[in-house]
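The values are calculated or read from the model by the stated rules, or taken from the named source; none is laboratory data. Fair warning: this is a prediction, and the values are worked out from it, not measured in the lab. Neighbour counts run over all protein chains shown; Cβ positions are idealised from the backbone, glycine included. Calculation scope for accessible area: heavy atoms of the full protein, side chains included, ligands and nucleic acids excluded. Shrake-Rupley method; radii C 1.70, N 1.55, O 1.52, S 1.80 Å.
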Amino acid sequence: MAHRLAGDTNPDEDSNAKRRALQLLEVEDVLTQRAAPPPALPTAAGQQVFDYARKELSQRPRNKAEAERQGKHLAEQMRRQLGLGSHELGDLPGLIERHFGVDVALSPLGTQTDGLCIHGDGVALIVASTDFSQGHVRFTLAHELGHHLLGDPRDVINEGERDMFADNLQERRVNAFAGHLLMPEEGIRETLKWLSTGRVTERSLVALMEQFGVSLAALVYQLCVMGLITYDQSKRLRSQRVTDLVTRHASVAPTGAGITVRQTVRAPERLLSAAVDAARNQRVGLGVVATLLQREDDDALWDAVMEADPEVLV
């Protein structure tokens, strides 16, 4: 997979995401030889979702309506099997890793690539750029998870925004999955009911962005799909400056999750835990941990690795 990834880069292509993925594959190879990291396996509930996606939804959608229906059904199945109810999802990278055996890495990789999914040959990895807002990053993660669950035949899926929102049934299906996973209809209707008697207002729009950790564009699209706003209303809402919208209603958006760019660095938890343990036991050098965390191999990292739990390093 590493050889295919390295050889699959066009000279004119921004390859930051691929380079990061290649780093992670090389780290896993080192750890496999020297530290035996735990295998990445789905939980029983996660496997149920896999089985549903690969069997019940194995037939490609024939039209837009069917693509959107399949994506929605897969999101509902995932929420049902994992007991997620209709509430917002908290630690989405952790959820993906824990239940589906997919390593998740976040890094500031520029804005040419939103996300990258690599799967096959015993490898399952999602990389997302955090040079976007938190809401944008969460949608990217859910979108790439959709490709993996539905068994996309491409082993390397490298996507910018134009690719993710291309007018084809494959992308429409995974976008529907991502939308309904992050913004379940029941949860949105419940929130609107107590917040604004069921109406979509500017204030309720900002509150929904904050609650579900999504971007304005993703939320407006979902509200349009649900029939809560018209297409013309969605165009008017999307034409607004999102920062102005959030500023006007800051009381319901204390974290600004829908618009804040954090440039987070997150290494796959499975690899980071194994690397820290191996470094403490002198089976690998500290450079392996530094590569995972994208930090300098220095005295500060040495102190952190030798004295702290892996969670403290992030």
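Quick rundown of the values:
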{"read-out": "Among (1) small (G, A, S); (2) closer than 21 Å to L169 by Cα; (3) within 22 Å of the chain's Cα centre (by Cα), the one test that A44 misses", "value": "(2)"}
{"read-out": "Residue that is farthest from the chain's Cα centre (by Cα) [pool: residues in the stretch 1-41 that are among the small types (G, A, S) and either at negative phi or at pLDDT 95 or above (or both)]", "value": "A35"}
{"read-out": "Yes/no for S234 being open to solvent by less than 50 Å² (accessible area, probe 1.4 Å), touching a Cys at 6+ places or on another chain (Cβ under 7 Å) and farther than 30 Å from Q23 by Cα", "value": "yes"}
{"read-out": "Whichever residue in the stretch 37-61 is without any contact (Cβ under 8 Å) to a residue 60 or more places away in the chain and either assigned to a loop (DSSP other than H, G, I, E, B) or in contact with a strand residue (DSSP E or B) (Cβ under 6 Å, 6 or more places away or on another chain) (or both) and, among such residues, is least open to solvent (accessible area, probe 1.4 Å)", "value": "T43"}
{"read-out": "Residues within the stretch 194-230 that are touching a His at 6+ places or on another chain (Cβ under 6 Å) and among the hydrophobic types (A, V, I, L, M, F, W, C), tallied", "value": "1"}
{"read-out": "Number of positions in the stretch 126-143 that are over 11 Å from the mean Cα position of the chain (by Cα) and assigned to a strand (DSSP E or B)", "value": "1"}
{"read-out": "Elements of type helices (runs of 4 or more DSSP H) in the stretch 228-314, at least 1 residues being under 19 Å from the mean Cα position of the chain (by Cα)", "value": "269-280, 286-293"}
{"read-out": "Which listed residue is closer than 16 Å to L24 by Cβ and open to solvent by 10 Å² or more (accessible area, probe 1.4 Å), from V156, V104, V127, V137", "value": "V156"}
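Table: residues versus (1) free of Cβ contacts under 8 Å to residues at least 12 places away in the same chain; (2) under 19 Å from N63 (Cα atoms).
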{"site": "G120", "(1), (2)": "no, no"}
{"site": "I126", "(1), (2)": "no, no"}
{"site": "H136", "(1), (2)": "no, no"}
{"site": "F139", "(1), (2)": "no, no"}
{"site": "P153", "(1), (2)": "yes, no"}
{"site": "N168", "(1), (2)": "yes, yes"}
{"site": "A176", "(1), (2)": "no, yes"}
{"site": "T191", "(1), (2)": "no, no"}
